[in-house]
Amino acid sequence: MSLDIGMQALENILKSPGNNCCYDCGESDCSWASVTIGCFLCIRCSGIHRQLGVHISRVRSVQLDNWTLDDCVNLKKYGNRRLPDIYEVNKPEVYKKPDSRSHSMLIEHWIRAKYEWKEFHVDCTQLPFYVKGVKSGTLYKKGKERGCWLARHFMLDRTNRKIIYYDKANTQGQKQLGLIPLDGCFVLMVDEKLVDRQNCLHILYRSGRAMRSIYVAGTTVRETVEWFYAIRSLQTQLGYSGNCVDTVFESYLEKTPKDGKGQWRKRWCILVADRIFYYKNILVTFGFCMNYYKLK
């Protein structure tokens, strides 16, 4: 009898406004719920909640598990509509809330930032340091020649409006290897299916009259996403917010030669904001972009 009452209570809670989609990403299929936090989730976000541990979020299936009235307490008390007043009150403007189409790293960081690290919690009194546009540390950069991932020391230089990277991960006897201007620089999440390493960022930037492209990787999702937002935060503060856009589309397309003659050529194309960048193939994105077009 108690199980029947619990299932009926769950059905009633599901009918409340806002409980018909995933609280964390907005996906319409919310067949899971966090008993401890009191929200409904999609299958992808529920998997990340399980990684947090049951001491933070205990997840149950709405359809497959049996529910008691005790299981429904927090869902009834909070639900998807009330939780933002607790877990998202102090979310910085530059931190974009992900949706169901967002990169998996952004969704995982969003969930951990809310419930595990409580960076945006109503009781949090300080902004996360990375949204202040301050960051330095080790990232692994894909080499152009041998293709190895090499440890490099990166830092944001507010004064000169650049990203600087050095040849050594430590600070002893470093040699400067590169300067990346923040104006005209795009920092993009990378589809893990395209590269041989996890937690990657794709940095597109202007070098003279050409556009150069490199890949860098952090050791964890947290480190990579913090670099992502640190760079975008500094760009916003410096008035370059127009560069804080996401990849709209990337795939192989066939292109005609410049003179319109000869065979069509296969090129790797990336649509970012109002520009299409194209390369000879995927891995050549570690060098110079062949060309790009600006859309009108």
Lys, Arg +1 and Asp, Glu -1 on Cβ, resulting dipole of the range 32-119 about Cα centre, debye, nearest 20: 100
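Quick check for me: using +1 on Lys/Arg Cβ and -1 on Asp/Glu Cβ, what's the dipole size of the chain about its Cα centre, in debye to the nearest 20?
Working: 45 positive and 30 negative charges, 348 e Å.
So the magnitude is around 1680 debye.
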Among Asp274, Asp167, Asp259, residue whose mean-square fluctuation peaks in a GNM of the chain (springs only between Cα atoms under 10 Å): Asp259
Helix runs (DSSP H) in the chain reaching 20 Å along axis by Cα, Kyte-Doolittle at least -0.5: 221-237
Two-site label geometry, Thr220 and Phe249: point separation in nm, points 7 Å out along Cα→Cβ: 3.8
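What dipole magnitude, in Debye to the nearest 20, does the range 20-70 give about its Cα centre under +1 on Lys/Arg Cβ and -1 on Asp/Glu Cβ? Intermediate results must be reported in sequence, preceding the final value.
Numbers: 4 positive and 5 negative charges, 31 e Å.
Roughly 140 debye, rounded to the nearest 20.
How do Tyr279, Tyr140, Tyr166 rank by accessible surface area computed with a 1.4 Å probe, from largest to smallest?
Working: Tyr279 0, Tyr140 65, Tyr166 40 Å².
So the residues, ranked largest to smallest area, are Tyr140, Tyr166, Tyr279.
Taking a 1.4 Å probe, which of Val122, Val59 shows the most accessible area, and what order do the others take after it?
On the way: Val122 70, Val59 25 Å².
Sorted by accessible area, descending: Val122, Val59.
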Net charge over other residues, Cβ less than 12 angstrom from the Cβ of Gly47 (K, R count +1; D, E count -1): 0
Loop-resident sites, the range 82-123, for chymotrypsin sites (Phe, Trp or Tyr not before Pro), counting at most 11 other Cβ within 10 Å (DSSP): none
Solvent-accessible area of His153 with every protein chain in place, 1.4 Å probe, in Å² to the nearest 10: 20
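Taking a 28 Å limit on the Cα-Cα distance, which of the listed pairs Lys114/Lys142; Lys193/Lys266; Lys97/Lys266; Lys144/Lys168; Lys132/Lys168 fall beyond it?
On the way: Lys114/Lys142 32 Å; Lys193/Lys266 19 Å; Lys97/Lys266 35 Å; Lys144/Lys168 17 Å; Lys132/Lys168 25 Å.
Those over the limit are Lys114/Lys142; Lys97/Lys266.
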Dipole-positive endmost among Thr125, His55, Cys42 within the range 5-133 (Cβ charges, Cα centre): Thr125
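Leaving out ligands, DNA and RNA, what percent of the accessible area of the range 55-138 is carbon and sulfur, probe 1.4 Å?
Carbon plus sulfur share of accessible area: 46 percent.
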Label of the coordinate-derived value, log10 I(q)/I(0) by the Debye sum over Cα atoms at q = 0.10, 0.11, 0.14 Å⁻¹, listed as [x] -0.65, -0.75, -1.05; [y] -1.13, -1.19, -1.30; [z] -0.55, -0.66, -1.02: [x]
Positive-end extreme of charge dipole, the chain - chosen from Ala113, Ser102, Asn19 (charges on Cβ): Ser102
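With every protein chain left in place, what is the accessible area per residue of the range 72-156 in square angstrom, probe 1.4 Å?
Details: 4610 Å² over 85 residues.
Result: 54 Å² of accessible area for each residue.
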Span per principal axis, largest first, for the Cα atoms of the range 18-156 (Å): 60, 36, 26
Whole-Å distance, taken between Cα centres, linking the range 208-259 and the range 24-90: 33
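Taking only Cα atoms of the range 1-55, what ratio of Rg to Rh do you get with Rh as the Kirkwood inverse-distance radius?
Details: Rg = 11.8 Å, Rh = 11.8 Å.
Answer for the range 1-55: 1.00.
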Calculated [θ] (222 nm, deg cm²/dmol) that DSSP helices of n ≥ 4 give over the chain, each run adding -39,500 (n - 2.57): -6500 deg cm²/dmol
Solution diffusion estimate, µm²/s, Stokes-Einstein, the range 6-91, Kirkwood Rh from C-alpha pairs, 37 °C, viscosity 0.692 mPa s: 261
Computed accessible area, Glu254, all protein chains, 1.4 angstrom probe, square angstrom: 120
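The values are calculated or read from the model by the stated rules, or taken from the named source; none is laboratory data. Everything numeric in this text was worked out from a predicted model, so none of it was measured. So basically every Cβ, Gly included, is an ideal-geometry build from the backbone, and we count neighbours across all protein chains shown. Please note that ligands, DNA and RNA were not included when accessible areas were found on the heavy atoms of the full protein model with its side chains. Shrake-Rupley method; radii C 1.70, N 1.55, O 1.52, S 1.80 Å.
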